[in-house]
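Engineer: Right, I'll just put the structure down here and ask away after.
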Amino acid sequence: MRAAVFTDPDKPLVIKDVEKPSVKSDEMLLQVLYCGICGTDIHASKDGPFKAPQNTIFGHEFVGSIVEIGNDLETSDFSVGDRVTSLPFIGDKTIGLGALGGAYSQFVKVGHELVVKIPDELNDIEAALVEPLSVGLHATKMAGQISEKNILIVGAGPIGLACAIWCNFFGARSVVISERSATRIEKAKELGFHDIVNPDEDVAEAFMEIVGNGPEIQFDCVGAPGIFQECIERAPKNGLIMGVGVCEYPDTFTPLVAFSKELRIQWAAAYEKADFEFTIDMVKSKRIHATQMVTDVIGLEELPSVFEQLQNPNKHCKVLIDLSKT
């Protein structure tokens, strides 16, 4: 099968023929239709604590069609031809971030327990966004009571926009987004978020001008050193800071300021199967929309050059790979 393979942080992904995955009795093989490029993939392609091993095939945000079902699953609710997505885990291994090949390829294998059917009402692009939307849903649920709260989203990448979508869904009084990228600002506005502040200016002052109060809940969806300290400084008493973006470098902040305000800091990672199922139901019922965050759909052969562009600040928000005709 054709796949995009990571070889070295200093080299582009390589498109080449690799062996198709073989499935065990409790696994299924999918023909990949669409796969999203995630910021985690970018992190894993660089030197650092998240660097992937050589010959990794990235890709964990996918929708595919079942082409093979393991012997133990022949009486299950799944059939060849079903469109599905899956949480990207088989046992303690992660699909697309190590030994298990991901969906930057024609085929990907998945375990049975974490697979979710895609209803006909969702198109392939909507289905490929279930994973990042579920990240935002899980983080928003972990924040607790959202209704009537004033929210600041730091960063309007796909995860930041997903958090904004769910905060709005769960009844936030206001959702303000901090972002400098013109493209991502445009995408936020297309999704209905018009209260946007510039992170290079005084975010606390700008938030106060828009809302009249400080941000009761802040979602750090960037994960860069220094952001947590900024969140602590502008938080009101009893505020909550949600760590959603992945910061792979050492960071420092002043506990005394957080202590004096009795702040709470909570990290959120990944999701549960219920998050995928709820997201699919809400997209199916048209209660949430997210396709506006997609800035480009590319073919597998284009992936190496686009992946290199995404290593640095760029014009994109969410890029999807169309593998349906590969």
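The values are calculated or read from the model by the stated rules, or taken from the named source; none is laboratory data. Note that the coordinates shown come from a computational prediction; the quantities given were computed from them, not determined experimentally. Cβ: placed from backbone, ideal geometry, glycine included. Neighbour counts: every protein chain shown. Calculation scope for accessible area: heavy atoms of the full protein, side chains included, ligands and nucleic acids excluded. Shrake-Rupley method; radii C 1.70, N 1.55, O 1.52, S 1.80 Å.
Engineer: On a straight-distance basis, which aspartates and glutamates could pair with K149 in a cross-link, Cα separation under 17 angstrom, same-chain partners fewer than 8 positions away excluded?
Structural biologist: The reachable aspartates and glutamates, counting only those whose Cα sits under 17 Å from K149, are D195, E209, E216, D220.
Engineer: Starting from the coordinates of the alpha-carbon atoms of the range 157-306, obtain the Kirkwood hydrodynamic radius over all distinct pairs and give the value in Å to one decimal.
Structural biologist: Across the range 157-306, the inverse of the average 1/r is 17.0 Å.
Engineer: Here is a follow-up. How large is the translational diffusion coefficient of the range 66-175 in µm² per second when you combine the Kirkwood radius over alpha carbon pairs with Stokes-Einstein at 20 °C and 1.002 mPa s?
Structural biologist: Taking Rh from Cα pairs, D becomes 133 µm²/s.
Engineer: Tell me, what is the percent relative contact order of the chain, built from C-alpha pairs under 8 Å that lie six or more residues apart?
Structural biologist: Contact order relative to length: 19 percent.
Engineer: Would you mind checking which residues have amide H under 5 Å from N55's amide H? H placed 1.01 Å from N; only 5 or more apart, or other chain.
Structural biologist: Those lying under 5 Å, H to H, from N55 are F6, T7.
Engineer: What is the packing order of peptides 246-255, 261-270, taking the mean over residues of other C-beta atoms within 10 Å and listing the highest first?
Structural biologist: For the peptides 246-255, 261-270, the packing ranking is 261-270, 246-255.
Engineer: Any of K261/K286; K16/K109; K16/K286; K46/K284 with alpha carbons more than 30 Å apart? Name them for me.
Structural biologist: K261/K286; K16/K286; K46/K284
Engineer: Now for a different question. Summing +1 for each Lys or Arg and -1 for each Asp or Glu, what net charge is found among the other residues whose Cβ lies under 12 Å from the Cβ of H60?
Structural biologist: Charge balance near H60 sits at -2.
Engineer: Per-residue counts of other Cβ atoms within 10 Å, averaged by peptide: what ranking do you get for 131-143, 156-168, 231-243, 304-316, highest first?
Structural biologist: The peptides rank, most packed first, as 156-168, 131-143, 231-243, 304-316.
Engineer: Quick check: from the Cα gyration tensor, does the range 1-98 come out rounded (a/c under 1.5), prolate or oblate?
Structural biologist: Prolate shape, in that a/c is at least 1.5 and a/b is the bigger ratio.
Engineer: Here's another thing I want to ask about it. Given a 1.4 angstrom probe, I'd like the percentage of the accessible area of the chain that is carbon and sulfur, rounded to a whole number.
Structural biologist: Carbon and sulfur together cover 48 percent of it.
Engineer: Place +1 on the Cβ of every Lys and Arg and -1 on the Cβ of every Asp and Glu in the chain, take the dipole about the Cα centre, and give the residue among N314, G91, L114 whose Cα lies farthest towards its positive end.
Structural biologist: Going by the Cα projections, it comes out as N314.
Engineer: Just how many % of Cα pairs in the chain lie over 26 Å apart, if you round to the nearest whole percent?
Structural biologist: 47
Engineer: Right, something else. To the nearest 20 debye, what charge dipole does the range 195-302 have about its Cα centre, counting +1 at the Cβ of each Lys and Arg and -1 at the Cβ of each Asp and Glu?
Structural biologist: My answer is approximately 580 debye.
Engineer: Quick one, can you get me the convex hull of the C-alpha atoms of the range 82-135 expressed as volume per residue in Å³?
Structural biologist: Dividing the Cα hull volume of the range 82-135 by its residues yields 96 Å³.
Engineer: Okay, moving on. Using a 1.4 angstrom probe, figure out how much accessible area the range 62-123 has per residue, in square angstrom, rounded to the nearest whole.
Structural biologist: Roughly 44 Å² per residue, with all protein chains present.
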